[in-house]
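A short reminder: the numbers here are calculations on the coordinates, not readings from a lab. Nothing here was measured: the structure is a model prediction, and the numbers come from that model. Every residue, glycine among them, receives a Cβ derived from its backbone with ideal geometry; neighbour counts consider all protein chains shown.
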Amino acid sequence: MNHRGFTAVGVALLLYVFALVAWVPLGPGLVEVMADEQGQTQVIAHGTHFASSPDQLRIFAGTQDRLFPLAFEVVNDHRLLLRPEWPDTLHKRSLDLYVQSPIDGTLSLGNAFFVESAVLVPTHRYAPVDVLDGSNQLGFHFPFQPQIFETIRNLMLHVPMWFTMFFLMGISFAQSIRHLGAKTLGLADERAVTSAQTGLFFGVIGLVTGSLWARFTWGDWWVASDPQLNGALVTVLVYAGYLVLRAAVDDPVLRARISAVFNLFAFVLLIILLMIFPRFNESLHPGKGGNPGFNTYDLDSSLRVVFYPAVIGWILLGMGMYRLRLRMESLSRRINRLEP
Amino acid sequence: MPAPRAFSFQRVAFLVQHTLRVEFRQGHALIGLLLFALSSVYAAFQSVGDDAGAESWNALIWIVLIFTAFNAMARPHADDRPENRQYLTHIVRPLEWMLARTLYHWALMTVLAALVFAAFSLFLGTDHLVGGRGWWLFAGLELAGWALASCLTLLAAIAALAGAGFGLTAVMGLPLIVPIVLVATRFGNDLLSGLSGEETVENLLFLGALAGGITAFGLVLFPYLWRD
């Protein structure tokens, strides 16, 4: 397949991905519990349909298996007014909030309340409550995640950049090995540098989209001491160093050889930095605490049908760009041969 | 005349001896390194005073170690002149040359890390090194020094072959030493913030593994650079 084939399939997949990213709504969820100016307790929600079936709503406080109902009033689709009358005896002071509705299913907000006024009896049980089954009647939607909210759409942009970069750097690594194995200056060196350049491009976009995402979820453009941020930045710097090294040598045979050695050395250190290090460090990234990749719980089926095509689409687009650059190089070599 | 066929430790020992002899004959190179290390420590001391907190103590000692290492490894050796290299390719195997250079740099780093540690203890005080932590930190400095030496030896060889100097080694090297720096600073931070050496020993082992792994990788890759 030539560069047009890769690019065409990649762009087709990405069109599908962007269409879904733009049109699929975010699922319902509870944002926060707050006291308003009159001292009343309000529940703020997102994407919910409280007003369409106010009589069938059920609100509970407690923890998973020990719940008690709360009195409430529906203000509008996204807002509830609570009138909590706390029991005299509680099994725990910090309580979760559960909202059940036939349309939105079961929604929960962890540690929504902290009650100081009750007597604490850890073994205490409440009167049994009547709980709906948790399913909802909503169409296709992206999952609601606390803190992340609508920015979950960035998943299709940010994460595939690193997959694509790794794929292209892997090509570069393999071509550098091939070059060192071969005796003469063949195409391997050109492939190694071209794929590294294309990969670097994806790495820079990955950093930019990551920084934007961090700003709106973690509250800052850059977070110190997150192992994956370190790793990503270092990757970009190392491959920039690779290009500087190539620019410093004029003799093409020597340049090919020493940059191939540097490329192998750099790739192995990157594997240490990006694959091994994050397992020993705390990270803000999803799937933290040992696993730098994705946690199975973070990706639900609605994300999968968009995320996997996005990964494949970006990788194919990257391949297309890489092939296009190779073709450009070989054409300019032909022009140089013809010119004198 | 082709290069010798079999690997010989005698030639490695000779190369180390030779490098040492050349360095001592030049004199100013080694003295310059010691002076650089001492004056960096003194500059650090002037910037924080003699009651540095644990965090600044830790940050500064690793920064000084990194810059000392760069200064020691990235400078041009007398052996790196093209005509010398041309001659050496006929009388030694590349692996022997790389092993000799790495061993020499390890020895140099052992001395420099000890000097940095001694100067730090003298100027910035040992308030944070109670209960045998000094020995642990010293071990960490030596291991980090060896890991840096191995990494920078290969990069300096690449830069020398490219005909570029210190600048290129820094551009290639500073990102690549990040893994070493991360483990080393975490180790120092653990120690100085009150953990005992046994509690953070996995960082020390990690530093050792990095030093060993990088050395092995450099030895495997270097012969490809040397080929004509």
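Can you tell me, using C-alpha contacts under 8 Å and at least 6 residues apart, the relative contact order of chain A as a whole percent?
Details: 515 pairs, mean separation 68.3, N = 340.
20 percent.
Counted by neighbouring Cβ atoms within 10 Å, the residues A:Leu138, A:Leu13 run from fewest to most as A:Leu138, A:Leu13.
Under 17 Å from the 7 Å Cα→Cβ point of A:His124, by amide nitrogen: which residues of segment A:64-97? What the label zone holds, given the 17 Å backbone N cut-off, is A:64-71, A:84-97. Each residue, A:Arg4 and A:Trp218, gets one label point 7 Å from its Cα in the Cβ direction; the gap between the two is 4.4 nm. Size descriptors for the protein assembly as shown, from the alpha-carbon set: Rg then Dmax equal 30.5, 96 Å.
Placing a pseudo-label 7 Å from each Cα along the Cα-to-Cβ vector at A:Ala51 and A:Arg83 gives an inter-label distance of 2.1 nm.
Ranking A:Gly241, A:Ala22, A:Gln228 by Cα position along the charge dipole of chain A, where only Lys, Arg, Asp and Glu carry charges on their C-beta atoms, puts A:Gly241 farthest toward the positive end. Over chain A, all Cα pairs binned in 10 Å intervals from 0 give whole-percent P(r) values of 5, 19, 23, 20, 14, 9, 7, 3, 1, 0, listed from short to long. Net charge near A:Gln175, counting Lys/Arg +1 and Asp/Glu -1 over other residues with Cβ under 9 Å of its Cβ? Charge balance near A:Gln175 sits at 0. Working note: 222 nm ellipticity from helices only, DSSP H runs with n ≥ 4, each -39,500 (n - 2.57), summed and divided by the residues of chain A, gives -16500 deg cm²/dmol to the nearest 500.
Using a 10 Å cut-off around each Cβ, can you sort A:Val193, A:Val268 from fewest to most neighbouring Cβ atoms? Present the calculation step by step, with values, prior to reporting the outcome.
Details: A:Val193 22, A:Val268 15.
Placing the least packed residue first, the sequence is A:Val268, A:Val193.
FRET efficiency for the A:Thr184 to B:Arg5 pair, using the beta carbon distance and R₀ = 22 Å, is estimated at 0.35.
What separates the Cα centres of segment A:209-266 and segment A:50-89 is a distance of 51 Å. Evaluated at q = 0.08, 0.11, 0.14 Å⁻¹, the base-10 log of the normalised Debye intensity for chain B, with identical point scatterers placed on the Cα atoms, takes the values -0.31, -0.57, -0.87.
Per-residue shielding of B:212-223, expressed as the average number of other chain Cβ atoms within 10 Å of the residue Cβ, stands at 2.
Can you compute the FRET efficiency between B:Asp50 and A:Ala35 using 1/(1 + (r/R0)^6), with r the Cβ-Cβ distance and R0 = 60 Å? Round to the nearest 0.05. Before the final figure, lay out the partial values.
Details: r = 52 Å, r/R0 = 0.86.
Given R0 = 60 Å and the Cβ-Cβ separation, E is 0.70.
Going from the fewest other Cβ atoms within 10 Å to the most, the residues A:Val261, A:Val159, A:Val129 appear in the order A:Val129, A:Val159, A:Val261. Compared with the dominant Cα axis of chain B, that is its longest principal axis, helix B:201-226 is turned about 20°. Output the 0 to 90 degree angle, nearest 10, between the alpha-carbon long axis of helix A:227-248 and the longest principal axis computed from the alpha carbons of chain A. Compared with the principal axis, the helix lies near 10 degrees. Between 0 and 90 degrees, the angle of helix A:301-338 with respect to the longest Cα principal axis of chain A falls at about 20 degrees.
Given R₀ = 41 Å, FRET efficiency for A:Ala247-B:Arg25 by Cβ-Cβ distance, to 0.05? The partial results should precede the final answer.
Numbers: r = 36 Å, r/R0 = 0.87.
Here the calculated transfer efficiency is 0.70.
A simple spin-label model places the labels of B:Ala216 and B:Ala139 2.1 nm from each other, with each point 7 Å out along Cα-to-Cβ.
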